[in-house]
Structure formats: structure tokens, C-alpha cells
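Let me begin by presenting the structure, written as C-alpha cells, before commenting on it.
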Amino acid sequence: MGAEDDDEPPSKRVKVSSGQLVDISDGTFVRDPASCSLGDSMARPLTLQGEDEVVGTKGVVKKVEFVRIITEALDSLGYKKTRALLEEESGIPLHTSVINLFTQQILDGKWDESLNTLRKIGRVDEKIVKLASFVILEQKFFELLHKEKVMDALKTLRGEISPLCINNDRVHQLSFFIIYPFQQVLPAVSGQGIVRIKSRTKLLEELQRLLPPTVMVPEKRLVHLVEQALDLQLDACRFHNSVVGEMSLLTDHHCGIDHIPSLTVQILHEHKKEVWFLEFSHNGKYLASSSADFSVIVWEVKLDGSVCMKHKFLGHKTSVSYISWSPDDHQLLTCGEEDTVIRWDVESGKCIHIYEKKNVGFISCGWAPDGKRIFCGVTDKSITMWDLEGKELECWKGHRTIRISDLGITSDGKHVVSVCKENMIVLFGWESKVERVIQEDQAITSFVLSMDSKYVLVSLSNQEIHLWNIEGTVKLLAKYKGHKRTRFVVRSCFGGLHQAFIASGSEDSQVYIWHRGSGELVGTLAGHSGTVNCVSWNPRNPHMLASASDDSTIRIWGNNRVNTKQHDTDNGVNCCNGRS
């Protein structure tokens, strides 16, 4: 009965007369089902002599399991003959004869026979049997529809699928195809003009995921174990800061300190007073810095890693305390200390718009992810939202912010993050009006959002930096210690490959770097002669870090793999006055 549903090429059908391994059309080796006594093998897991034998020095790797996953790896790589030789030489088959029979029946579309064999497989509870039966019968149902055997499909649905009492919603969806057999609704079976069924190979993979691993070795299990081992090596490597493609299976992975940007490769002297803030653009092609000299400088990162001044913006009447790049990096917001916010065009260097509000000043600024609105923290403790032309769209009053120039907008644009009290950060859903808070025991000096907006890094007055998870329930994950802070605001940042590191400025004139996962201090960078106020890690180059200091300089840090040549600043830089 099941054989009549077969629509695979005739070459898939194999007739043999002995228990030998047989090569079928796609190179797969199967044993002759006729040589297998189901009465002898049913309801038994794979049991072999010496199955408790172990390999390796730890005494935890079972030889039989080890050989089976190697055999599966050879099979998945297409080395069918080598797989067969390994089974023959080791005496350890990948699967029992029952599983081999079941596999071939699925590939041949012998649905009724495969259902009978399914119940003869050992160590499979009734719930799994029903789930697997549902998957098989659903494939049978769609193949019948594909052959325009609608009544047979209806019989399968009513007499075989429905009595399983599994996934009633799916059963109702399947009934829709009886009425409209050529309509496309379910994503898994979508197509053009006809119902597109999954291949039998895909069906077999789905069944493999359902059955216990002792019965059917999970697909690509060896590759999965190797990937797990590599991940553990990466997690244990405190200096890992290179792409995974550089890893090798032939040696244990270990990165040295040279993978961390720890050498000064360039010093930028163009600011005349303390440099308070700096930030790389999202694409890593630019660096913007602001200073107590009222100026903002946009630097261009060249292909060779050198940094050259592109524009100097002169438009603020006070020290410039905050910078925010537009989502597309074409524009820049700058905020004077309790002053105006100015929007600049990065390419031309021109002032596009000045945002002002009567009787108050701004202390922070940020972009909505769509780049069409901006948010500003105001000295009256409110937060305002503006369109690009300067129209105030919303104003949230009350203790929405204090005079700390940090403001975050999550990547989905739904939450504004700000310091609402001395020791509290609020995550304000400006559309939903729902608030969540991060409560600290100490005064907050600054914070920054991770690139994916799942984490907040909070710098505190007690010389600690805290990492919080804000995805779902707010939770403290880690603390970083070692840097110095007593009087000034020193900022921290995420950085490195996959933002695996935390960096911070410090009042002892050094930059501190921790491994994000372990919290271990992995390096301190000396070179500045004044407080390091701010740090920024290039999001596109894990080997480039910038630091801003009270010594009026910016240092670009790299490693011994990058160009360490000092570059003079281009004296032909454009100076742009936002007030003109």
C-alpha cells in the first residue's frame, strides 16, 4: 500500500538477496532489509560487545559512541564507501538494521511500512512515536495531494492523522488543502501553482531530530562537538580579538596581548584644551571628538589605519560635552554644556540646524533609529523629541534626566535610557509609557548602551563599572574594578570583536581594559599625562581604540599588526562655524 505512493526515481529501489552492504544510486550503503529479522532486533538499542570500552586519557569517551559519530561524519561529508569500510572494520554499525530499514522506507515513500517499523524501534516512548507518525503521515498527505489523489489524502487525514490527537490546529490547516488543494497558505509547503512538499531527505532529518540520539546519531554531531570545543577555547581566551576564520583545528587556540590594541600608533594634538568626549561612527570610517575649547573635530580613518582631520566645527559657546552619530553616519549631533544642540553634515562640514529651547539648555542628545527624529536631555530634567527641522514633537517632564550628559535610544526606537536620579537609570517606553529602572547603590557618573541595545554599562562613583542585562528582566551581570575615579566623569565603552571587552578611562592617566565575560583586567594602557575622560572602540576594527584626555590629546591605540607610523594632520582642514 505504501509503495504505490512512491514518486522517487526507480533507481532508489534496491533489491538484494543477502545481508551484504549494497551501493544504491546516490552512493548510500544500506543493508538488505530481507536479511534482518525484526523479531530479533525490534525494541533493542544498538548493543555491541565492548560497548563500555573508553578511549582518551579522561576515561569519559565511549569507544562505540565515538566510532558512530565518526561514521556519521563520514556519511554527511559524502564519503559513503569509507563509512562502509569503517563499519566493517570496527564491527560498529552506525545504526541498527531496524533503523536502516526505517530510513530506506522513508526514502522510498513506503509510509505504511515505515510506520510499522517505527514501532519496532527500541527506546522510543509513545509520545515520540506519535509525533514521528504525524510527521510521516503529513508527508504522505501532501504527496497524495501532489499526485491529485484528493480522496486518498482525505482518507489519510481522517483515518490516520486525526486519530493521533496531536496538533489539532495543524490538522485544521491540513483540512484546508482538501477543499483548496492547490492553494498556498502554510509557509512550509508554499509554492507556485501546486503544493510544494518537502523532500524525503528533509523529512528524514526532521525524524532524526525527533528520535533519541542513542537510536539515530544526530546529524553532523561531530562537527557540533568540535564547534562546542572551539567556543569553549574562545571563551577561555582572555585576549581573543580576531575573526574565527583564523582558528585552526590542528592546534589549541590562544591569543596573546598583541591582539589587544595596546600600542600608541598615533597622537592627535589639534584640540587646545581638555578633550571630553569622542566616538567612532557606526561604519568605523570616522571619529568625532569634542573639547573644552568649544570645538568638535571629525577625523577620517584612512584605509592604512591612519587618522586625519576632516573638519573642525566651531559653533558652540560653551565646552562641547556630548556627540551622537546619525544611524547612517552622514550627520552628527553635538551638544554644548547646558547649551544648544547643533546638527552637522559630515561630508560638507556645514551646520544644518541649531536646536534651542527658551530659558533652558541641553545636556545630551541622541537619534531615533529611523534618523528622522532626535532626542535631547534638558537642564529642567525633561526629555524632548524633535523632528529634524526643529519642531518639538514630545516633551516628557519630571525627573527624566539629571545633569549627566548621557542619553541612549534602543535600536528598536521604543525606549529612551537616561539617568533619572543620582543612582537610578530609567528605561522609558515613550510610546507604551512603561518604565523599568536600574537601581544602583552608588552615584552614577555615566553609562553607555551596547550595540545591540541588550546591555547597559554603568560607571559609578565608587570606582566600579557594572554590566546590566536590560533584555527582559533587568539583571546585574558583572562588575569591573581597578580604574581610578574620584572627581571627574570618566567614560567606559564596549569594544573588540563581538564587543567582548570593556574599556574605560581613568584619573591615573591610563586606559583600562577588561575581558567582558570573565571580568578579568587584561591590560592597562599608559601614555597620557592627564585624566583619560573617554574611550571609544572602533566598531569595524577590533584592533583600533581611541582615548581622550585632559592633556588635550587623543591617542589612537593599535597593535603590532597595524601601521604604527605617526601621521601629521592635514593643515588644509575645513573649519566650520555653526553660527554663521
Report the residue count in region 76-108 for those that are within 19 Å of S199 (Cβ to Cβ), touching a residue at least 60 places away in the same chain (Cβ under 8 Å) and touching a Leu at 6+ places or on another chain (Cβ under 8 Å). 3
Qualifying positions in region 304-321 - part of a strand (DSSP E or B), open to solvent by 20 Å² or more (accessible area, probe 1.4 Å) and either β-branched (V, I, T) or under 17 Å from C365 (Cβ atoms) (or both): none
In contact with a Leu (Cβ under 9 Å, 6 or more places away or on another chain), within 23 Å of H483 (Cβ to Cβ), touching a residue at least 12 places away in the same chain (Cβ under 8 Å) and open to solvent by 10 Å² or more (accessible area, probe 1.4 Å): does that describe W468? yes
Scope region 219-246; condition touching a residue at least 60 places away in the same chain (Cβ under 8 Å) and either over 24 Å from M544 (Cα atoms) or not charged (D, E, K, R) (or both); matching residues: E219, K220, R221, L222, V223, L225, F239, H240, N241, S242, V243
Looking at L234, L230, can you tell me which residue is assigned to a helix (DSSP H, G or I), open to solvent by less than 50 Å² (accessible area, probe 1.4 Å) and either closer than 30 Å to P93 by Cα or of a type in the set (S, T, N, Q) (or both)? L230
Residue within region 304-325 that is without any contact (Cβ under 8 Å) to a residue 40 or more places away in the chain and closer than 23 Å to K391 by Cβ present: no
Just the residues that are closer than 21 Å to G517 by Cα and acidic (D, E), please, taken from region 198-245. E227, D231, D235
Tally of residues being open to solvent by 20 Å² or more (accessible area, probe 1.4 Å), free of Cβ contacts under 8 Å to residues at least 60 places away in the same chain and assigned to a strand (DSSP E or B) across region 292-303: 1
For S432, state whether it is open to solvent by 10 Å² or more (accessible area, probe 1.4 Å) and closer than 25 Å to E507 by Cβ. no
May I ask you to verify whether A73 is modelled with pLDDT under 95 and of a type in the set (A, V, I, L, M, F, W, C)? no
Need the failing condition index for E205 against (1) modelled with pLDDT of 85 or more; (2) acidic (D, E); (3) open to solvent by 80 Å² or more (accessible area, probe 1.4 Å); (4) assigned to a helix (DSSP H, G or I), just the number. (3)
Only unsatisfied item for L164, checking (1) more than 36 Å from the chain's Cα centre (by Cα); (2) of a type in the set (A, V, I, L, M); (3) within 30 Å of S97 (Cβ to Cβ); (4) buried (at least 16 other Cβ atoms within 10 Å of the Cβ), is (4)
Exactly one of these conditions fails for T524: (1) assigned to a strand (DSSP E or B); (2) at pLDDT below 95; (3) under 16 Å from G495 (Cβ atoms). Give me its number. (2)
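The values are calculated or read from the model by the stated rules, or taken from the named source; none is laboratory data. Keep in mind the model is a prediction, meaning the values are calculated, not measured. Using ideal geometry, Cβ is built from the backbone for each residue, glycine included, and neighbour counts are taken over all protein chains shown. To get the accessible areas, we keep the full protein, side chains included, count just its heavy atoms, and leave off ligands, DNA and RNA. Shrake-Rupley method; radii C 1.70, N 1.55, O 1.52, S 1.80 Å.
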